[in-house]
Each structure stands twice: as structure tokens, then as C-alpha cells.
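The values are calculated or read from the model by the stated rules, or taken from the named source; none is laboratory data. Predicted, not measured: the structure shown is a model, and the values here were computed from it. Reconstructed Cβ throughout: ideal geometry from the backbone, glycine too, with neighbour counts over all protein chains shown.
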Amino acid sequence: MDNPKLNLEKREAVGGSRARRLLEKGLVPAVVYGRGFGSTPVQVDRSELRKLLKTNGRNAVFKTEFAQEHDLSLVIKNIQYHPVSKEIIHLDFQKVDPHETVQMEIPVRVTGEDSFTRVGCSVLHQLNTITVECPAGSIPEYALADISGMKPGQSFTVADFRFPPDVRVLTDPAKVVITIKGHRPEQASEAEEGEAPDAVPAVES
């Protein structure tokens with residue numbers, strides 16, 4: 001399968017005010033770097049970026065050609081979001097060879113959660129990402145935590161993830177990803193109100 005493509009353009013102007021103007025025009029400032037490739041400021045169309053992320057995920061290796069100078073394979077190394085609007089405001093792209101070993105942070109995806117929440121159990125998410133090392137062309141889109149076969153009181157740790165042999169997990173295997181808590185015992189129901197027992201009449205002497 002061919003790698004997806006994303007068009008990048010070199011940008012000469014850098015700085016906070018210039019970056020804001022780019023964002024207002026629907027462009028996202030970014031930087032490209034990698035082995036044997038100097039750090040280069042670029043810009044990318046926001047709509048094209050969204051399409052790439054929606055279709056291929058943030059860990060896909062993609063091809064780009066910009067300024068008619070380079071035909072590169074890149075991955076998204078870092079994304080910065082606006083704290084309020086959550087729009088992407090900056091990216092770091094890393095130049096890679098598809099067979100080159102890279103370290104990447106991938107998101108955790110959980111399945112089987114509904115079976116616990118339906119019966120009043122709490123599913124505590126304690127780790128949202130893990131770090132893996134693998135060939136750039138084999139970066140997993142996510143780490144799957146299937147908790148459907150677990151019971152209340154049990155935890156899913158990093159060691160429970162399963163990946164192909166060429167993917168090595170760098171995150172501490174003892175770290176807890178998900179913990180399932182049993183539902184809180186219902187408080188004892190209030191005692192039914194009944195008539196107070198009749199007072200025992202005093203016996204006259």
C-alpha cells in the first residue's frame with residue numbers, strides 16, 4: 001500500500017505574530033527535521049492535515065514534496081493544540097526511512113468498558129499513551145486494551161498489551177493502564193417507619 005501524501009510549503013517568516021497570521025489563513029506552522037536534514041520551517045493546509053489524520057491516524061508514515069526540492073517520508077512527532085479551541089496550532093515532522101527504527105508515543109484505546117459501566121462498576125483510566133520503538137513503517141495506530149474478560153478489582157498493565165515482534169514497548173511494563181472498581185455498595189436503606197411500640201402501662205400498686 002502506498003504511503004499517503006501531504007503537501008508542505010516552506011515558510012520564510014517565523015515568529016509568534018507570523019504564526020498567528022498563518023493560522024488565520026487556514027495554514028498550520030510546522031517544522032521538519034531528521035537525520036541528515038536540517039530543521040526547516042514549513043506550513044501545511046489545515047483541511048488537508050485534518051483529512052490525513054482522519055483517514056490514516058497521527059502515526060502514519062506519509063510522503064511529501066515541497067519547494068520541488070525534496071521527496072521525503074515523514075511522521076508526525078509532536079502536535080500542539082490550542083488550550084481553548086483544541087485546534088492544531090503547530091506540528092513537528094520527523095524525516096524517516098520506512099525501515100528506520102523510531103520511538104513514538106501512541107494512544108491507548110480501550111474496548112469492553114460498557115459491560116462494566118452498565119452494572120455500576122467504575123473503569124479508571126490511568127495511562128492514556130505509551131511509548132514504543134519499531135520500524136517507522138510499522139508504527140501501531142494505537143495500543144489496544146481489551147478489558148472485556150476482566151473482573152472488578154483487576155487491573156490492565158502495560159505488560160498486557162500485545163504487539164507484533166518488531167514493536168518493542170519502552171514504557172514500564174508494571175504501569176497500570178486501567179483499573180476496574182466494583183460498584184459502590186448501596187447504602188443501607190432507611191428503616192421503614194412504623195408506629196412506635198405502645199408504652200407499657202404502669203402497674204398500679
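A count restricted to the stretch 90-124 and to residues that are touching a helix residue (DSSP H, G or I) at 6+ places or on another chain (Cβ under 6 Å) and of a type in the set (A, V, I, L, M, F, W, C) stands at 3. Note on the stretch 105-130: residues that are in a loop (DSSP other than H, G, I, E, B), of a type in the set (D, E, K, R) and in contact (Cβ under 8 Å) with a residue 12 or more places away in the chain total 1.
Being in contact with a Lys or Arg (Cβ under 9 Å, 6 or more places away or on another chain), over 23 Å from N3 (Cβ atoms), exposed (fewer than 14 other Cβ atoms within 10 Å of the Cβ) and not charged (D, E, K, R) is a condition met by at least one residue of the stretch 123-143. Applying a threshold of 7 Å to beta carbon distances and a minimum spacing of six or more residues, or different chains, the list of pairs starting in the stretch 73-96 at a residue that is touching a residue at least 40 places away in the same chain (Cβ under 8 Å) and ending at one that is β-branched (V, I, T) and loosely packed, with under 13 Cβ neighbours inside 10 Å is empty.
Residues that are surrounded by 13 or more Cβ atoms within 10 Å (Cβ to Cβ), in contact (Cβ under 8 Å) with a residue 40 or more places away in the chain and among the small types (G, A, S) are absent from the stretch 150-158 altogether. Annotation: of all residues in the stretch 76-109 being surrounded by fewer than 17 Cβ atoms within 10 Å (Cβ to Cβ) and aliphatic (A, V, I, L, M), the one that is farthest from the chain's Cα centre (by Cα) is V84.
Note on the stretch 1-56: enclosed strands (runs of 3 or more DSSP E) holding 3 or more residues that are at pLDDT 90 or above and under 22 Å from the mean Cα position of the chain (by Cα) are 27-34. Do you know which residues across the stretch 98-112 are modelled with pLDDT of 90 or more and either farther than 19 Å from K175 by Cβ or aromatic (F, W, Y) (or both)? Selection gives T101, V102, T111, G112. When we screen R35, R20, R58, R46 for residues that are outside the structural domain of E141 (by TED's automatic domain parsing), among the charged types (D, E, K, R) and in contact with a Gly (Cβ under 8 Å, 6 or more places away or on another chain), the only hit is R46. When the criteria are applied in full, L74 fails the requirement of being in a helix (DSSP H, G or I) and either among the hydroxyl-bearing types (S, T, Y) or under 25 Å from T131 (Cα atoms) (or both).
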